[in-house]
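Notes follow the structure.
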Amino acid sequence: MERAYDIEIPAHTLAETMTYAHRTHIADFVVPAVEHILQPEQTLPAHTKKITRETGRSLTAGENRRVDDGALGPLKHRVRKVVHGRVPDIDLGDTYALDMRALDMSNVAHITHDALGPVRFLEHTLAADDSVPTGPVHLILTKNAPPIALKFFGAAGVPVVCTDGAVRANQLTIDQNLNLALLPNLASQPVEPWDTDLPKKVFISRRNARTVINEPAVFGFLEERGYERIYPEDLSIPQQWSLLGNATDVVGIHGAGLSALGFCAHRAAEAEPRFRLTELFSPGYANTCFRIYAGVLGGKWVGVRGKLTPEIIEDLDVRGDRLAHQMASFEVDLEALELALAY
C-alpha cells in the first residue's frame, strides 16, 4: 500500500532582537564599549512537508549511507553494502518504521528537532487519516547506535530497531527540510509532571568544552538575580525536559542542553512569551539555532557574544575555517549580559 501526504507548514516570524558583544575599542577608541548588534526580523518560510508511506523492504545501512570523502571512500562504501547485505532482514509486519540511520544521533539537539519532532508530526498526520491503522512509529537506527540516542528514545517511549540490515515494515519517509518548524509537535510528547519546586530562572552551564572563562563572575551576577546554575549532564533526560519545559527565564551557553526548551510547548501560550532565552556564545561559533527555537515555540531570544580574539578573526575570516573555534571557551562581559537581560 502506498500513500503520500503533503502537509502545509505555516511561516514563523522571528522577531527583531539584539546581540550584545563584549566591550571593545573597535566600538569606541577612547573608552571600550559594548557593541549593540541588531538582529533583524526574519521569517522561517511556509513550506510543504512531504511524507510517504510504502509497504516493503528498507535499504540496508550501507545502501543508505553516502559515500565517504577520500580516495578510499568508494571502496569502503562497496564493502559496507556487501557486509550489511548479509545481515538477516527484520520483519516488523504492519508496523510503521522510519529509517534514520543517515542522521547524526550523537547530539541531543539534533535528535530533538531532527528525529523526535518529525516522529510526533508523523504520528499526528497518520492519526488524522481514518484509512490507516494507528500505532507508534518505530525508528531504525544503526547496529551501533550512540548510547545517548537509545537513552533519549527510551525516555520518549519511541520504539527503536538497531540493525545494519534491511527492515520490512510500512516504510515512512519525511523530508529533512526546516525541521525546526516541527518543534511545536513536542507538545504531544508525554513528560513527567511539573514539579512546583522547579526553578523558574536557570543558568545552563557547561563543563570541559565551550565554557565561560570568567564563569565565577558571571554566575555571581546571575545568582544575585535569582538564577540557579544547572549542568544538564547531572540530570536524566526526562528531568532536563521538565526543567526547561517549566523555566521562564533561561541564560545558557550555546549547546545541546538548550534543546530541552522544546518541551515548553506543553505550557499554554499566554500574553507573556513562553520563555526568555539569553544565549551566551563565542564569536568563533555564532549560531542562531535557538533563536529559531524561540521563534517557533513562542519564546523570546537575545544573544550575548563573547570577547573577540585575533585568532578567531584569522581562522574564520581569513583562513575560512568556520569550525576552528566551535568548542572554544570564551569570556563574557557583565555589562553586555546586563543589557541583554534588560532587553
**Prompt:** Assuming G154 fulfils every condition listed in (1) modelled with pLDDT of 95 or more; (2) in contact with a Gly (Cβ under 8 Å, 6 or more places away or on another chain) apart from one, which condition is it?
**Reply:** (2)
**Request:** Starting from the stretch 99-121, take each residue that is at positive phi and surrounded by 22 or more Cβ atoms within 10 Å (Cβ to Cβ) and list its partners that are assigned to a helix (DSSP H, G or I) and modelled with pLDDT of 95 or more, counting only C-beta distances under 7 angstrom and pairs at least six apart or across chains.
**Result:** none
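Would you confirm whether any residue within the stretch 287-294 is of a type in the set (K, R), surrounded by fewer than 20 Cβ atoms within 10 Å (Cβ to Cβ) and at negative phi? Can you show your working first?
Filtering the stretch 287-294 down to residues of a type in the set (K, R) leaves 291.
Those left that are additionally surrounded by fewer than 20 Cβ atoms within 10 Å (Cβ to Cβ): none.
No.
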**Complete:** Heads up, the helices (runs of 4 or more DSSP H) in the stretch 216-327 (entirely inside) with at least 1 residues that are small (G, A, S) and within 30 Å of S188 (Cα to Cα) are 237-246, 289-297
**Among residues of the stretch 23-40, those that are surrounded by 11 or more Cβ atoms within 10 Å (Cβ to Cβ) and either touching a strand residue (DSSP E or B) at 6+ places or on another chain (Cβ under 8 Å) or of a type in the set (G, A, S) (or both), counted** = 11
**Request:** State which residue is modelled with the highest pLDDT when the search covers only the stretch 64-93 and only residues that are touching a His at 6+ places or on another chain (Cβ under 8 Å) and surrounded by 14 or more Cβ atoms within 10 Å (Cβ to Cβ).
**Result:** L92
**Message:** Whether any residue in the stretch 253-265 is farther than 20 Å from D114 by Cβ, modelled with pLDDT of 95 or more and surrounded by 21 or more Cβ atoms within 10 Å (Cβ to Cβ) is what I want to check.
**Reply:** yes
**Complete:** Taking the stretch 1-46 and keeping only residues that are of a type in the set (D, E) and in contact with a Lys or Arg (Cβ under 9 Å, 6 or more places away or on another chain), one is left with E2, D6, E8, E35
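The values are calculated or read from the model by the stated rules, or taken from the named source; none is laboratory data. Since we're looking at a predicted model, the values are computed, not measured. Using ideal geometry, Cβ is built from the backbone for each residue, glycine included, and neighbour counts are taken over all protein chains shown.
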